[in-house]
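> Let me begin by handing over the structure; questions about it come next.
Since every read-out is calculated from the coordinates, none of them should be taken as a lab result. Please read these numbers as outputs of a predicted model, since none were measured by experiment. Every residue, glycine among them, receives a Cβ derived from its backbone with ideal geometry; neighbour counts consider all protein chains shown.
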Amino acid sequence: QRSQPGDFLVKYSPTKDDVTYLVNIALGGREVLLKPVSVYFGTVPDTDATKCDVTGLRGFRVNQPAMFKIIAKDKDNKQKKFGGDKFDVKLLGHGNVEFPAQVIDLNDGEYNVQFKPTEVGRLQISLALEGSLVAKSPYTVFVLPALAIQYQLAGNGLHDGVIKKPQLFTVRVEDTNHKIVPLPGEVVSVSIQAQDESPLPVTLSTVEPGLFSVSYTADKPGLYLIKPSVFGLPITAPIMVKLTENEDVLTLSLPGLCLGNGTIQVGGPGIGGGYFSSRPVALYIHFKDDHDEFSEVKPSDVE
């Protein structure tokens, strides 16, 4: 009995290792547990830092509480059932600024690492146990802005074009206030491929962190799918473009109308459609007479 009636502390000493004991409790000669509790006693295996798992290394947002998990394992790749490991955690942001982190031992072989990033961008996470690096440490992750991210794609390279000529477009990463998010180019990838063909070589250049230029050139005419992604995830549905030997121009004949036997030529990215969510996009309209000269048309007459 301890400090007060009804409060008891029971101590016992196991005499063997690698043995499971059954613990039961009785009151007045009557067992009070539905079934005995199994308690294993044995040698606790050492944690193998190289076998540990690290989960939850994504989705961090600036100035918001963040967490990931370390799962301790032994040399046989089995998860530990006990705590007690002392993991060293170092978080380095831009300019090697270090963020404080707290390791919480859950006493079941799992450890929660809690921290609050204070800047957007690359974050390096180094984990060690008694001088040995944990698993694939150091890890490089990215801290996102507090606001949701959106992507803006623009440029003629997202629309029908011609082969053997560089096609260009840009990818801009921004928050909902249209402020650029300074992500590095290594998190952006673009695949451009025709059906049953190998992917085209793509040149991706960083104009500035968060703004990227993409260039590609096709040698064969056909339909090509453009698949941009960030952090390995698609940022839009595949974009289909038609590349031909000559530029396609939409020409409409207008016999008997105000232009006589003239024509209208319509071209530019604005006739492609479907690639811009909140950015201006342009197309050109050429009104020509039957001598292929520009006709005088009032802007107020064009709808």
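> Of PRO238, TYR21, PRO184, which is farthest along the charge dipole of the chain in the positive direction, counting Lys and Arg as +1 and Asp and Glu as -1 at C-beta?
TYR21
> Sticking with this structure for a sec: On average over all directions, what projected area in square nanometres does the chain have, based on the convex hull of its Cα atoms? It would help to have the intermediate numbers written out before the result.
Numbers: hull surface 118.2 nm².
Spelled out: convex hull of the Cα atoms, projected over all directions, averaged, 29.6 nm².
> Mind putting a number on the dipole of the stretch 125-256 about its Cα centre? Charges go on the C-beta only, +1 for Lys and Arg and -1 for Asp and Glu, and I need it in Debye to the nearest 20. Walk me through the numbers before you get to the answer.
Values: 8 positive and 12 negative charges, 16 e Å.
About 80 debye.
> Further, regarding this structure: What distance in nm separates the two pseudo spin-label positions at VAL97 and PHE82, each 7 Å out from Cα along the beta-carbon direction?
Those two pseudo-labels are separated by 4.2 nm.
> Also, I was wondering about something else. With charges only on Cβ, +1 for K and R and -1 for D and E, what is the dipole size of the chain about its Cα centre, in debye, rounded to 20? Spell out each step's value before the answer.
Values: 29 positive and 35 negative charges, 327 e Å.
Computed about the Cα centre, the dipole is about 1560 debye.
> Sticking with this structure for a sec: Taking 35 Å as R0, compute the FRET efficiency from the Cβ-Cβ separation of ASP17 and ASN63 and round it to 0.05.
Numbers: r = 50 Å, r/R0 = 1.42.
In this case the efficiency is close to 0.10.
> How would you rank 76-82, 210-216, highest first, on the average number of other Cβ atoms within 10 Å across their residues? If you can, show how the numbers build up before the last one.
Values: 76-82: 13.3, 210-216: 20.1.
For the peptides 76-82, 210-216, the packing ranking is 210-216, 76-82.
> Still on this structure, please answer the following. Would you mind checking LYS73/LYS116; LYS90/LYS116; LYS136/LYS179; LYS69/LYS227; LYS11/LYS80; LYS75/LYS136 for any pair whose Cα atoms are more than 23 angstrom apart? Walk me through the numbers before you get to the answer.
Details: LYS73/LYS116 27 Å; LYS90/LYS116 13 Å; LYS136/LYS179 34 Å; LYS69/LYS227 32 Å; LYS11/LYS80 25 Å; LYS75/LYS136 16 Å.
In this structure, LYS73/LYS116; LYS136/LYS179; LYS69/LYS227; LYS11/LYS80 lie more than 23 Å apart at Cα.
> Order these peptides, 122-133, 23-34, by their mean beta-carbon neighbour count within 10 angstrom, highest first. Intermediate values should be presented prior to the final figure.
Working: 122-133: 16.7, 23-34: 8.5.
Highest-to-lowest ranking by the protection proxy: 122-133, 23-34.
> Then there's this: Given just the C-alpha atoms of the stretch 1-138, how large is their convex hull per residue in cubic angstrom?
Working: hull volume 25.4 nm³, N = 138.
Once divided by residue count, the hull of the stretch 1-138 is 184 Å³.
> Of ALA49, GLY131, PHE8, which is farthest on the positive side of the dipole of the stretch 1-156, counting Cα position, with +1 on Lys and Arg Cβ, -1 on Asp and Glu Cβ, and the Cα centre as origin?
Looking along the dipole axis, the top candidate is PHE8.
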